Amino acid sequence: MGKKRSREQPQSDPTVDKMDEDDSSSDEDMDIVNVDFELFNYDKDIDFHGIKTLLRQLFDADAHLFDLSALSDLIIEQNTIGSTCKVDDKANDAYAFLTVLNVSSEPRKPVVAQLVEYLSDKSTKQAGTQKVAEVLKSKDAVVGLVLADRLLNMPAEVIPPMWSCMIDEIEAAVEDKEPYEFTHYLVVSRAYHEVASNLDQEERRRQKKARGGGDEEPTLQYFHPEDEEMRKHAAASGAYSFTNDGESVADSKRAFQELGVKPQGFMMLIEAGRFQGAVKAIANYVGSAAQP
């Protein structure tokens with residue numbers, strides 16, 4: 001079945017242009033654009049390049065460490081689990097995707113083995129995520145690796161239906177004796193810190209030293225705001241630096257404010273018994289955040 005679910009969402013971006021706007025029309029209602037977002041099963045003839053692009057965004061500076069072509073093929077092959085979200089037509093590229101891979105089944109495909117080794121290594125370097133490596137190595141655990149990302153301008157309201165739909169699909173797959181009966185879900189996402197340029201940082205260090213203060217730990221921000229809510233249901237969670245982190249920082253925001261953006265990876269380990277509650281929590285969070 002191609003079309004899985006449709007959901008009409010208003011475009012609420014306050015930067016939407018108004019035609020023929022002038023000072024005399026400042027009190028007029030802003031134009032609203034209604035967009036139909038639809039969920040689809042993966043299609044091998046359509047989705048390869050779109051999924052690969054979103055995977056490259058998800059893994060950011062470390063994307064080249066993985067065979068993203070093989071990973072895209074693997075996601076598309078299990079087309080009854082997870083969804084793409086598109087606008088207008090199934091033939092278009094995905095604006096968002098969500099899937100879960102069984103990374104505990106043997107033998108592992110090379111790209112899956114790469115991901116497991118990478119996430120295990122990253123988790124051991126952070127105090128809040130060390131349990132991830134233990135679970136990935138445990139013979140008693142069956143881990144579902146959740147991969148998801150979306151274009152930055154996608155409204156968060158389209159995301160809860162994708163998660164709910166995937167839960168239904170997992171339940172149906174388990175009834176059909178397919179290998180999706182997980183003990184844990186490992187969600188891979190992205191986060192970031194806002195940072196000053198190197199010159200700005202040096203100047204701030206001098207100012208703090210003069211005041212007798214030390215460096216402040218920057219606040220973790222989320223590319224996907226619902227991750228902050230889902231994190232509350234995790235047995236382990238935390239951000240990690242990319243292997244190819246370097247010193248580069250996205251400066252696009254500096255046109256509007258002083259700070260740039262330093263991306264990081266982010267992972268959450270959720271026990272299977274709490275997974276549905278986590279999905280319900282982000283649905284409630286997204287719904288309440290959308291209220292005027």
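The values are calculated or read from the model by the stated rules, or taken from the named source; none is laboratory data. Just so you know, these numbers come straight off a predicted model, no measurement behind them. Heads up, the Cβs are rebuilt from the backbone with ideal geometry, glycines too, and the neighbour counts pull from every protein chain shown.
Annotations for the structure displayed:
- Failed item in (1) under 20 Å from the mean Cα position of the chain (by Cα); (2) under 16 Å from Tyr180 (Cβ atoms), with Glu106 passing the rest: (1)
- Residue match in the stretch 34-55 (condition: farther than 26 Å from Glu157 by Cβ and either aliphatic (A, V, I, L, M) or in contact with a His (Cβ under 7 Å, 6 or more places away or on another chain) (or both)): no
- Neighbours by Cβ (under 6 Å, 6+ apart or cross-chain): first from the stretch 221-242, touching a residue at least 24 places away in the same chain (Cβ under 8 Å) and closer than 16 Å to Val286 by Cα; second part of a strand (DSSP E or B) and among the charged types (D, E, K, R): Phe223/Arg190
- Residue in the stretch 34-67 that is farthest from Asp93 (Cα to Cα), counting only those that are in a helix (DSSP H, G or I) and charged (D, E, K, R): Asp62
- Being more than 26 Å from Leu269 (Cα to Cα) and modelled with pLDDT of 90 or more is a condition met by no residue of the stretch 95-106.
- When each of Asp60, Asp47 is tested for being under 30 Å from Lys177 (Cβ atoms) and of a type outside the set (A, V, I, L, M, F, W, C), the lone residue that passes is Asp47.
- For the stretch 70-80, the criterion of being among the hydroxyl-bearing types (Ser, Thr, Tyr) and over 17 Å from Leu145 (Cα atoms) is satisfied by no residue at all.
- Subset of the stretch 165-196 (residues that are surrounded by 15 or more Cβ atoms within 10 Å (Cβ to Cβ) and either basic (Lys, Arg) or within 17 Å of Gln264 (Cβ to Cβ) (or both)): Leu186, Val187, Val188, Ser189, Arg190, Ala191, Tyr192, His193, Glu194, Val195, Ala196
- Filter result (outside any loop (DSSP other than H, G, I, E, B) and either surrounded by 19 or more Cβ atoms within 10 Å (Cβ to Cβ) or charged (D, E, K, R) (or both)) within the stretch 139-160: Val143, Gly144, Leu145, Val146, Leu147, Ala148, Asp149, Arg150, Glu157, Val158, Ile159, Pro160
- Residue tally, condition within 19 Å of the chain's Cα centre (by Cα) and in a loop (DSSP other than H, G, I, E, B), over the stretch 68-103: 6
- Flag for Lys131 being touching a Leu at 6+ places or on another chain (Cβ under 8 Å), in contact (Cβ under 8 Å) with a residue 60 or more places away in the chain and of a type in the set (D, E, K, R): yes
- Scanning the stretch 138-196 for residues that are over 18 Å from the mean Cα position of the chain (by Cα) and of a type in the set (Gly, Ala, Ser) turns up Ser138, Ala141, Ala172, Ala173, Ala196.
- Candidates Phe275, Phe266 - the one that is in a helix (DSSP H, G or I), at pLDDT 65 or above and closer than 21 Å to Val103 by Cα: Phe275
Each row is one residue, and each column tells you yes or no for (1) at pLDDT 95 or above; (2) among the polar types (S, T, N, Q); (3) touching a His at 6+ places or on another chain (Cβ under 7 Å); (4) farther than 29 Å from Ala236 by Cα.
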residue	(1), (2), (3), (4)
Ile167	yes, no, no, no
Ala173	yes, no, no, no
Tyr192	no, no, no, no
Leu199	no, no, no, yes
Ala210	no, no, no, yes
